[in-house]
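Beneath this line is the structure, given in structure tokens, with notes to follow.
The values are calculated or read from the model by the stated rules, or taken from the named source; none is laboratory data. The structure displayed is predicted, hence computed values, not measured ones. In this analysis, Cβ positions are derived from the backbone assuming ideal geometry, glycine residues included, and neighbour counts consider all displayed protein chains. Accessible surface areas use protein heavy atoms only, side chains included; no ligands, DNA or RNA. Shrake-Rupley method; radii C 1.70, N 1.55, O 1.52, S 1.80 Å.
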Amino acid sequence: MESERLLDGRLKLRHLTLVTAIADQGSVIRAAQELHITQPVVTRALHELETILGVPLFERHHRGVTPTLYGESFVGHARAVLAQLRQAGAELGHLAAGHLGSVTVGVHLAGSNLLLPRAMAALKRAHPAVTVVVREATPDTLRAGVLSGEIDLIVGRLSGQPPRRLTQEQLYREPVRLAARTDHPVHRLRHPSLAELRRYPWVLPVDRTSLRAELEELFTHADVELPADRVECTSMPTLRHFLLATDA
């Protein structure tokens, strides 16, 4: 297609909003519900956009829709455009107010209980009018938020190789420890091996996280399979109560 077709006046911001909503929801119906409009409006707008672009953006199936190769590419650009507009609006608002500002921090366990609160307290002492927004999510979701401009920075465990356009800086080293309730029978073992510990239930980080990868390497090096009896969890309150109530 010719790029000039995107600038002939037919492409509207609502097309970008609609196509990202469809991609996020995986369904035209759910996208319409999310945007509080009718399904025919969403369907018509998607048809208009695909006509302008000259390529199919989604594959339709009985469970909803999935982006095509063209759709994945265009949705990424649409997110970037919308993020730039949000940033422009935020900057204009800050300029109009004269002194207000905000920073959005993504966090995933590591650093959230000590490092981040201390940094926030220091920032608020120096700049009390600055608003700090903390968003907790999985690492892949947080990285997507940084790339789209919705999140300014992440405080969390380092990944092996950050995606392009992102840089990471090591702030401190954090040891990894196994934890069990005080009266857990494992405490009666003098030097338990990983194979012995595997007999108990485990709580592990969710898949495709840096800490999970490190633990999987540990089991592989010891020639021990991952525990079959396991829970994968990143919620600290849930994790704590589960540990206190079980032999995990």
Checklist outcome for this item: Reported set for the range 138-153 where residues are acidic (D, E) and assigned to a loop (DSSP other than H, G, I, E, B) is E150, D152
Checklist entry - Restricting attention to the range 222-248, which residues are surrounded by 11 or more Cβ atoms within 10 Å (Cβ to Cβ), in a loop (DSSP other than H, G, I, E, B) and at pLDDT 90 or above? => result A222, V224, L226, P227, D229, T246, D247, A248
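Taking the criterion of being open to solvent by 80 Å² or more (accessible area, probe 1.4 Å), hydroxyl-bearing (S, T, Y) and assigned to a helix (DSSP H, G or I), would at least one residue in the range 58-70 satisfy it?
Start the filter on the range 58-70 by keeping residues that are open to solvent by 80 Å² or more (accessible area, probe 1.4 Å), which leaves 59-63, 69-70.
Keeping just the survivors that are hydroxyl-bearing (S, T, Y) gives 70.
Going one step further and asking which of them are assigned to a helix (DSSP H, G or I), we end up with 70.
Scanning the range 58-70, I find at least one residue that is open to solvent by 80 Å² or more (accessible area, probe 1.4 Å), hydroxyl-bearing (S, T, Y) and assigned to a helix (DSSP H, G or I), so the answer is yes.
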Checklist entry - Restricting the search to the range 200-221, which residues are loosely packed, with under 12 Cβ neighbours inside 10 Å, without any contact (Cβ under 8 Å) to a residue 40 or more places away in the chain and either assigned to a loop (DSSP other than H, G, I, E, B) or under 24 Å from the mean Cα position of the chain (by Cα) (or both)? => result D207, E217
Item to check | Within the range 154-198, considering residues that are surrounded by 13 or more Cβ atoms within 10 Å (Cβ to Cβ) and either part of a strand (DSSP E or B) or among the basic types (K, R) (or both), the one modelled with the highest pLDDT | outcome: R181
Item to check | Pairs, first in the same structural domain as L158 (by the TED database) and open to solvent by less than 20 Å² (accessible area, probe 1.4 Å) in the range 99-112, second modelled with pLDDT of 70 or more and of a type in the set (K, R), C-beta under 6 Å, six or more apart | outcome: G106/R135; A110/R157
Item to check | Those residues of the range 1-46 which are modelled with pLDDT of 90 or more, surrounded by fewer than 17 Cβ atoms within 10 Å (Cβ to Cβ), more than 15 Å from R60 (Cα to Cα) and of a type in the set (S, T, Y), in sequence order | outcome: T17, T38
Checklist entry - What pairs come up if the first residue lies in the range 152-172 and is assigned by the TED database to the domain that holds L142, the second is surrounded by fewer than 10 Cβ atoms within 10 Å (Cβ to Cβ), and their beta carbons are under 9 Å apart, counting only those six or more places apart or on different chains? => result L158/E169; L158/Q170
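Would you mind finding the one in V19, V55, V42 that is assigned to a loop (DSSP other than H, G, I, E, B) and either touching a residue at least 40 places away in the same chain (Cβ under 8 Å) or not polar (S, T, N, Q) (or both)?
On the way: V19 fails: assigned to a loop (DSSP other than H, G, I, E, B); V42 fails: assigned to a loop (DSSP other than H, G, I, E, B).
The match here is V55.
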